[in-house]
Amino acid sequence: MSDIDLSRLTCEYSLILHLQKYEEIFWENPGKVPTSEGVIRAGISLSDVEGASARMDRFSAYIAEMFPETSDRGGIIESDIVPLRNMQTHMDAEYNKKIHGDIFLKKDSHLPIAGSIKARGGIYEVLCHAEKIALDAGILSESDDYRVFASEKFRNLFSSYSISVASTGNLGLATGIISRALGFEVNVHMSREASLWKKNLLIEHGVNVVEHSGDYNSAVSASRDISQKSYNSYFIDDETRVYCFWATPLQGFV
């Protein structure tokens with residue numbers, strides 16, 4: 001960000017000055033609405049969540065087979081919950097007050113397969129898309145053993161489709177890894193400043209990495225336009241779609 005941009009933002013949002021001085025602040029979203037209204041606006045119902053959980057259950061055998069690191073949880077993409085003993089001891093001393101109970105950390109930063117929270121939402125949306133293609137093609141029933149997705153028959157079907165996503169890294173990794181495992185052609189659009197190791201890892205999985213000279217927002221815009229003009233291309237957009245938020249299993253941590 002340039003000095004000019006920062007100066008403009010500082011004038012528009014005075015709380016930035018407090019952040020720059022490491023001062024304690026409280027910000028309340030002026031656009032917030034009551035939960036009851038927000039749930040309706042989101043357009044996500046309990047049946048949607050239950051459907052997502054059921055879909056992840058259907059795919060669990062396939063995931064466990066393709067990604068052995070998930071086998072100990074039966075192919076459910078979940079992370080550990082660990083106690084923060086040292087942090088709790090430090091906080092007891094810092095505030096001179098005993099914190100009753102235990103403090104835990106949910107390590108979604110270490111989710112298997114892609115190693116970030118995007119391992120749920122990004123992977124889930126690709127699985128939704130793959131399931132729909134297979135159902136529409138008449139080669140799948142929801143009662144089938146979903147390990148059939150690892151077969152050449154299914155991989156050949158998906159090879160005629162492509163998936164595109166714009167990412168700074170984590171969503172691209174999740175999308176690229178699962179999409180290539182299924183047999184899709186994958187295009188991950190990234191800005192040049194994205195981490196080189198993430199780009200290299202995607203390339204190792206057979207993903208087409210497309211670099212853009214602009215920032216992330218310009219990469220999103222360009223990749224969306226390219227995808228819309230391509231035959232059988234599916235664009236994953238975590239800014240405007242809800243699929244990326246449906247993938248937490250009901251039997252998992254809430």
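Readers should treat all values here as calculations from the given coordinates under stated rules, not as data from a laboratory. These numbers come from a predicted model, not from an experiment. Methodologically, a virtual Cβ is constructed for each residue, glycine included, from the backbone with ideal geometry; neighbour enumeration extends over all protein chains shown.
For the chain, DSSP calls about 20 percent of its internal beta bridges antiparallel.
Would you list the membrane-span-like helices of the chain, meaning whole DSSP H runs whose alpha-carbon atoms span at least 24 Å along their axis and whose mean Kyte-Doolittle value is at least 0.0?
Values: long enough: 46-66 (29 Å, -0.04); 118-136 (27 Å, 0.03).
Helices meeting the criterion: 118-136.
All other residues with a Cβ under 12 Å from the Cβ of A54 taken together, and with Lys, Arg as +1 and Asp, Glu as -1, what is their net charge?
On the way: positive: R55, R58; negative: D48, E50, D57, E131, E142.
Around A54, the charge tally is -3.
Amide H contacts of L140 (H built 1.01 Å from N, in plane; Pro and chain starts excluded): no residue 5 or more places away or on another chain comes under 5 Å. Where Lys and Arg each count +1 and Asp and Glu each count -1, what net charge lies around I226 among other residues with Cβ under 14 Å from its Cβ? It works out to a net charge of -2. Cα centroid distance between segment 173-188 and segment 190-224, in Å? Comparing the Cα centres of segment 173-188 and segment 190-224, I get a distance of 13 Å.
Calculate, in nm to one decimal, what L84 and S159 gain on full extension: separation in residues at 0.36 nm each, minus their alpha carbon distance. Numbers along the way, then the final one.
Values: separation 75, 0.36 × 75 = 27.00 nm, distance 4.50 nm.
Residue separation times 0.36 nm, minus the Cα-Cα distance, leaves 22.5 nm.
Between the amide H of H189 and those of V165, A166, S167, V210, distances stay under 5 Å, these residues lying 5 or more places away or on another chain, with hydrogens modeled in the peptide plane. Taking DSSP loops as anything outside H, G, I, E and B, show the longest stretch in the chain free of chymotrypsin sites (Phe, Trp or Tyr not before Pro) there with at most 16 other beta carbons within 10 Å. The segment 96-230 is the longest one with no such site. All other residues whose Cβ lies under 10 angstrom from that of G169 are scored, Lys and Arg at +1 and Asp and Glu at -1, for a net of +3. Under the combined filter of DSSP loop state and at most 12 neighbouring Cβ atoms within 10 Å, segment 134-198 retains these trypsin sites (Lys or Arg not before Pro): R192.
With 33 Å as the cut-off, how large is the P(r) tail for the chain, expressed as percent of Cα-Cα pairs? Before the final figure, lay out each step's value.
Working: 10548 of 32131 pairs.
Tail of the P(r) past 33 Å holds 33 percent of the pairs.
Taking the Kirkwood radius as the inverse of the mean 1/r across Cα pairs, report the Rg/Rh of segment 14-90.
1.19
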